[in-house]
1. In the stretch B:148-255, which strands (runs of 3 or more DSSP E) lie fully inside it and hold 2 or more residues that are open to solvent by 10 Å² or more (accessible area, probe 1.4 Å) and within 25 Å of B:Asn7 (Cα to Cα)?
2. Taking the stretch B:256-286, which residues are within 21 Å of B:Glu334 (Cβ to Cβ) and either assigned to a loop (DSSP other than H, G, I, E, B) or touching a Pro at 6+ places or on another chain (Cβ under 8 Å) (or both)?
3. Criterion first (more than 19 Å from A:Leu7 (Cβ to Cβ) and touching a Pro at 6+ places or on another chain (Cβ under 9 Å)) does A:Val39 satisfy it?
4. Can you find even one residue in the stretch B:308-330 that is closer than 17 Å to A:Val62 by Cβ, without any contact (Cβ under 8 Å) to a residue 12 or more places away in the chain and either away from every other protein chain (no Cβ under 14 Å) or among the polar types (S, T, N, Q) (or both)?
5. Could you figure out which of (1) surrounded by fewer than 17 Cβ atoms within 10 Å (Cβ to Cβ); (2) more than 14 Å from every other protein chain (Cβ to nearest Cβ) isn't true of A:Ala84?
6. Return the residues of the stretch B:1-23 that are among the aromatic types (Phe, Trp, Tyr) and touching a strand residue (DSSP E or B) at 6+ places or on another chain (Cβ under 7 Å); say none if nothing qualifies.
7. Answer yes or no as to whether A:Val18 is surrounded by fewer than 20 Cβ atoms within 10 Å (Cβ to Cβ) and either out of contact with any Ser or Thr (no Cβ under 9 Å at 6 or more places or on another chain) or without any contact (Cβ under 8 Å) to a residue 12 or more places away in the chain (or both).
8. Condition first: in a loop (DSSP other than H, G, I, E, B) and farther than 20 Å from B:Ala227 by Cβ. Now tell me which residues in the stretch B:305-352 satisfy that.
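The values are calculated or read from the model by the stated rules, or taken from the named source; none is laboratory data. Worth saying up front: this structure is predicted, and the values here are computed from it rather than measured. We place every Cβ from the backbone using ideal geometry, glycine too, and count neighbours over all the protein chains shown. SASA here: full protein model, heavy atoms, side chains in, ligands and nucleic acids out. Shrake-Rupley method; radii C 1.70, N 1.55, O 1.52, S 1.80 Å.
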Amino acid sequence: MNIPADLKYTEDHEWVRVEGDVAVVGITDFAQGELGDIVFVEIETEGEELDKGETFGTVEAVKTVSDLFMPVGGEVAEFNEALADDPELVNKDPYGEGWMIKIKVADAAELGELMDADAYKAMIEA
Amino acid sequence: MKTTAFNKIHKSLGAKMVEFAGYEMPIEYSGIKDEHMTVREGVGVFDVSHMGEIWVKGPKALDLVAMINSNDPRHLAPGQAQYSCMPNGKGGIVDDLLVYCYSSEKYLLVVNASNIEKDWNWIVQQNEEIGAELENASDSMSQLAIQGPRAIAVLQKLTDVNLSEIKFYTFTVDRFAGVDNVIISATGYTGAGGFELYFNNDTAEHVWYAIFDAGKELGIKPIGLAARDTLRLEMGYCLYGNDIDDTTSPIEAGLGWITKFNNGREFIDRELLTMQKNEGVTRRLRGFKLRGRGIPRHGYELVNAEDSVIGHVTSGTMSPVLNEGIGMGYVAKEYSAFGTEIFVKIRNKNIPAEIVKLPFI
């Protein structure tokens, strides 16, 4: 199970990479494995200000659909347009080319509430 | 949770295991799309040992089988199999099944895993005044489905029976992979061709390894239940519990072709189903293709252009062959004509779809 040590994690199996006041967000290797073959990622919230926990999009796999939740509040500043033509990037490279959105973080304190890699690993192995 | 005789093999192959109908079953190995295309283009193997097997024997066997089935087993010759369903006495369906005819005094009924107990109780009840001999062999029999255009080439290496002579929906009982009394049946739930094999649990692992050794050079792969579902849905085959159940009639479900009223045969719900056939039904199970992006899923609403609900999705998926969203659902009769535009409500958006003929591919 690939769980990079330099990322933060949520209980909804998303990862967050902090780059200044921007949070890059995707789903974890565990999550893509559970979903199986991803067919498309739908994100129609670009430019919107959303609170932590609100839905920013959905990911459709062949056998199931799952909502995507804001790991921290802020503006959905950008989404990964490459996923429109190539949603399998989420399966192939969940922490790299399969990233989903960039959030302009509203309250940096919320970043501190996320799990580190060890805590996330403990959660999925529990 | 029950297990099949292949449980250890599935786990050693790294399958993702889930509970299905009380059994721990493999849902996925290498990935749904890969498994799906393997069956469409090559050959794949499904463990379907969770299915139930019920023997009906004795002088009254045909009387019972003819009474409980919508399809007419009386014209079956030994070695023929038939798809059928069991009407439930209220116009619904107890289960759909395969009826294998050994002779007019010996039949094998193969039923859905989720319904074994319900079916058994139903059949025992119907048999009270008929008196056929019944045996539930579900726990001692294993079943593998070897499906795909290369299935015959793989299996032919393991038996002296000329498999090309086993016509679709016929079977033989013979020696296979050194095991006697294997049921070799030219049937399946994928539309990709191939065979289903039935044998005793104690030979299961041996049979599995023999098939995989024989199929290695042809790229044989194990296939999980998830791809079984996408494969059957591309063909428009009904899945009990989704597309048909105790509240849906075979006529509504488009199973008129296995509901036979000929030769005055008495069977459960004959009068009710005759009436439905003659007078028509108010809803029909139909296939539809999405024209916009989206994947229909069980339970989603089907609506018309005015946003009024006209039905619900019973099965839906992304077709790996078409790369489009496909589904089935009951729609009000006035929307059931092929080519009719309907909409699938997906997360509060109405995605356009078209009623199409089955199969999808």
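1. On the way: elements: B:171-176, B:179-185, B:194-200.
Hits in the stretch B:148-255: B:179-185, B:194-200.
2. Quick first cut of the stretch B:256-286, residues within 21 Å of B:Glu334 (Cβ to Cβ) only: B:256, B:275-286.
Correct list: B:Gly256, B:Gly280, B:Val281, B:Thr282.
3. Values: more than 19 Å from A:Leu7 (Cβ to Cβ): yes; touching a Pro at 6+ places or on another chain (Cβ under 9 Å): yes.
Answer is yes for this residue.
4. The answer is yes; a qualifying residue exists.
5. Answer for A:Ala84: the failing condition is (2).
6. Initially, the stretch B:1-23 is screened for residues among the aromatic types (Phe, Trp, Tyr), giving B:6, B:20, B:23.
Residues satisfying the conditions are B:Phe6, B:Tyr23.
7. Details: surrounded by fewer than 20 Cβ atoms within 10 Å (Cβ to Cβ): yes; either out of contact with any Ser or Thr (no Cβ under 9 Å at 6 or more places or on another chain) or without any contact (Cβ under 8 Å) to a residue 12 or more places away in the chain (or both): yes.
Here the answer is yes, as A:Val18 does meet what is asked.
8. Keep residues of the stretch B:305-352 that are in a loop (DSSP other than H, G, I, E, B), which gives B:305-308, B:320-323, B:336-340, B:347-348.
Within the stretch B:305-352, B:Ala305, B:Glu306, B:Asp307, B:Ser308, B:Ser336, B:Ala337, B:Phe338, B:Gly339, B:Thr340, B:Arg347, B:Asn348 meet the criteria.
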